[in-house]
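Colleague: Okay, here's the structure, questions in a sec.
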Amino acid sequence: MTKELLPTVHIPVLYEETLAALNLAPGKVIVDGTLGGGGHTLAIARAVSPTGLAIGIDRDPKALDRVDARFAALNENLPFKSFFANYCDFDAALERAGVERVDGFLLDLGLSSDQLADRSRGFSFDSDGDLDLRFDPTEGVPAYELLNRWRVDKIADVIYRYGEERASRRIASAIVARRSEKPIRSARDLAGICRRCIPSPPWNKQRIDPATRTFQALRIAVNDELGSLERFLKKFTEYLNQGGRVAIISFHSLEDRLVKNAFRESPYLNVITRKPIIATETEIERNPRSRSAKLRVAEKVAE
């Protein structure tokens, strides 16, 4: 088996809650805009079978290869189509699928465990691979190139805005000082800088590694993640059938705020979750990644 087709290690968060929120039933057409490991999508395909359709979209070609192989190995003849695209371009995928309207949208935002486990792409802090951080390796500029050319104030602003890192200016200054001696190339390089900038209390006694917020900020910037979410939120209601649901799982306060405001301000939606659904202690213990997950759900009630 090739590296691209290694079995998924991703555990979908808020699994039962998300599936329940989508009101799944045979015959429905549901779009999973962030295919990832295919966990949510597989359950959706089974629930809408045999006359419905699960449409999976991902901008990471490795995710598509992995999930396509997973579906093929099941030999269940499930109603599933996958497309290589950014989820904000779902309308183009729908056109290719011959679909005009759908009964549900699902987005599980952020980083997947499969991407984190791929040490060649820089998502893992201790990886010696290039600090790339792109979901789609054919689009945009790797993070290490940006760090080696951005001005110190630009680096600090990105880390503070997208990572909400209070030590952003200290980290940015250390990055610029280090690159004057030797260009930054690997994830390990950047993680070491972050850890030296936040030495006390010892990072291994904290809940998160001190590199976490900086890596998150760069990943969001490199992939224009907030821009993708804004573009999706502006147009998805046009393609949602009346009574259809949208379920969005976010892991960052800026993402959650965008979703909350878009749902509340839309004249076409009824907000199902006045407060976001969060993981139980049991799920957090089983899957620590779910700790920061927030699920918001809305239903289309008007054209």
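Colleague: Name the single residue that is farthest from residue 258 (Cα to Cα) among those in segment 207-241 being of a type in the set (A, V, I, L, M, F, W, C) and out of contact with any Leu (no Cβ under 8 Å at 6 or more places or on another chain).
Modeller: Looking at the filtered set, the residue picked out is 208.
Colleague: I need a count of the residues in segment 258-277 that are surrounded by fewer than 16 Cβ atoms within 10 Å (Cβ to Cβ) and either under 14 Å from residue 15 (Cα atoms) or among the basic types (Lys, Arg) (or both).
Modeller: Result for segment 258-277: 3.
Colleague: Would you list the helices (runs of 4 or more DSSP H) that sit entirely within segment 159-274 and hold 2 or more residues that are hydrophobic (A, V, I, L, M, F, W, C), at pLDDT 95 or above and closer than 30 Å to residue 99 by Cα?
Modeller: 225-235, 253-265
Colleague: Going through segment 136-149 one residue at a time, which ones are among the aliphatic types (A, V, I, L, M), in a helix (DSSP H, G or I) and under 20 Å from residue 62 (Cβ atoms)?
Modeller: Within segment 136-149, just 143 meets the criteria.
Colleague: Could you check segment 75-92 and list, in sequence order, the residues that are hydrophobic (A, V, I, L, M, F, W, C) and either surrounded by 18 or more Cβ atoms within 10 Å (Cβ to Cβ) or in contact (Cβ under 8 Å) with a residue 12 or more places away in the chain (or both)?
Modeller: 78, 80, 83, 84, 85, 88, 90
Colleague: In segment 278-303, how many are within 18 Å of residue 14 (Cα to Cα), in contact (Cβ under 8 Å) with a residue 12 or more places away in the chain and aliphatic (A, V, I, L, M)?
Modeller: Result for segment 278-303: 6.
Colleague: For a quick check of your reading: which strands (runs of 3 or more DSSP E) sit entirely within segment 19-135 and have at least 1 residues that are over 26 Å from residue 256 (Cβ atoms) and assigned by TED's automatic domain parsing to the domain that holds residue 290?
Modeller: 29-32, 53-58, 80-84
Colleague: Right, next: Give the residues of segment 10-45 that are buried (at least 19 other Cβ atoms within 10 Å of the Cβ) and out of contact with any helix residue (DSSP H, G or I) (no Cβ under 8 Å at 6 or more places or on another chain), sorted by residue number.
Modeller: Those that are buried (at least 19 other Cβ atoms within 10 Å of the Cβ) and out of contact with any helix residue (DSSP H, G or I) (no Cβ under 8 Å at 6 or more places or on another chain): 17, 21.
Colleague: Does segment 192-210 contain at least one residue that is within 18 Å of the chain's Cα centre (by Cα) and under 21 Å from residue 253 (Cβ atoms)?
Modeller: For segment 192-210, residues within 18 Å of the chain's Cα centre (by Cα) and under 21 Å from residue 253 (Cβ atoms): absent.
Colleague: Could you check segment 148-167 and list, in sequence order, the residues that are crowded, with 21+ Cβ neighbours inside 10 Å and over 18 Å from residue 209 (Cβ atoms)?
Modeller: Passing the criteria: 155, 156, 158.
Colleague: So which residues in segment 120-129 are surrounded by fewer than 19 Cβ atoms within 10 Å (Cβ to Cβ) and touching a Gly at 6+ places or on another chain (Cβ under 9 Å), if there are any at all?
Modeller: 120, 129
Colleague: Out of (1) of a type outside the set (Asp, Glu); (2) under 23 Å from residue 158 (Cα atoms); (3) not assigned by TED's automatic domain parsing to the domain that holds residue 139, the odd one out for residue 217 is which?
Modeller: Failed condition: (3).
Colleague: Right, next: Checking residue 95 against (1) closer than 25 Å to residue 227 by Cα; (2) touching a residue at least 60 places away in the same chain (Cβ under 8 Å), which single condition isn't satisfied?
Modeller: (2)
The values are calculated or read from the model by the stated rules, or taken from the named source; none is laboratory data. From a predicted model like this one, the values you see are computed outputs, not experimental measurements. So basically every Cβ, Gly included, is an ideal-geometry build from the backbone, and we count neighbours across all protein chains shown.
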